[in-house]
Amino acid sequence: QVQLVESGGFVQAGGSLRLSCAASGRTFSIVAMGWFRQAPGKEREFVATISWFGNAFQYADFAKGRFTISKQNVEGIGTLQMDGLNPEDTAIYFCAAGEVVGSAEYEYKYWGQGTQVTVSS
């Protein structure tokens, strides 16, 4: 089992926020750590993913150029740096761990509880 705990926050439009995801348990089984988000009234969508022991990564189109995903796998921490935030980025953000570096939810076996990110206008 892998346990994931996210931390998020509140920021004003145009600001930046760094999300963290602390992984514990059988972290050696993680191949990829991904981030997803779910805005009010919308389905959950892919944000970004990174290979846990390699250098592969992938971003959703809306995240390219604004968000940066990284990891400190020895410490078991994944991060999502978000810059240039706007109110449309308001959502619950989830980190997830899986065995494939991909953008589909079914590729991720373990999920955090989610953290609220609110961007005020």
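Looking across Asn55, Asn73, one residue alone is in contact with a helix residue (DSSP H, G or I) (Cβ under 8 Å, 6 or more places away or on another chain) and either among the polar types (S, T, N, Q) or at pLDDT below 95 (or both). It is Asn73. Restrict the check to the stretch 67-81 and report whether at least one residue is of a type in the set (Asp, Glu) and farther than 24 Å from Gly9 by Cβ. There is no residue in the stretch 67-81 that is of a type in the set (Asp, Glu) and farther than 24 Å from Gly9 by Cβ.
Scan the stretch 50-95 for residues that are touching a residue at least 60 places away in the same chain (Cβ under 8 Å), part of a loop (DSSP other than H, G, I, E, B) and crowded, with 17+ Cβ neighbours inside 10 Å and the total you get is 1.
Residues in the stretch 104-119 that are over 20 Å from Thr27 (Cβ atoms) and surrounded by 18 or more Cβ atoms within 10 Å (Cβ to Cβ): Val117, Val119. Just one of the numbered conditions (1) surrounded by 13 or more Cβ atoms within 10 Å (Cβ to Cβ); (2) at pLDDT below 90; (3) of a type in the set (Lys, Arg) is not true of Arg26: (1).
Within the stretch 72-104, can you find the residues that are under 12 Å from the mean Cα position of the chain (by Cα) and closer than 16 Å to Glu45 by Cβ? Working first, answer last.
Residues of the stretch 72-104 under 12 Å from the mean Cα position of the chain (by Cα): 77-82, 91-97, 103.
Passing the criteria: Leu80, Met82, Ala91, Ile92, Tyr93, Phe94, Cys95, Ala96, Ser103.
Going by the structure shown, is Arg44 of a type in the set (Lys, Arg), more than 21 Å from Tyr106 (Cβ to Cβ) and surrounded by 14 or more Cβ atoms within 10 Å (Cβ to Cβ)?
Here the answer is no, as Arg44 does not meet what is asked.
In contact with a helix residue (DSSP H, G or I) (Cβ under 6 Å, 6 or more places away or on another chain) and within 24 Å of Gly14 (Cβ to Cβ), is that true of Val100? The answer is no for Val100.
The values are calculated or read from the model by the stated rules, or taken from the named source; none is laboratory data. The model shown is predicted, which means the values in this text are computed figures rather than measured ones. So basically every Cβ, Gly included, is an ideal-geometry build from the backbone, and we count neighbours across all protein chains shown.
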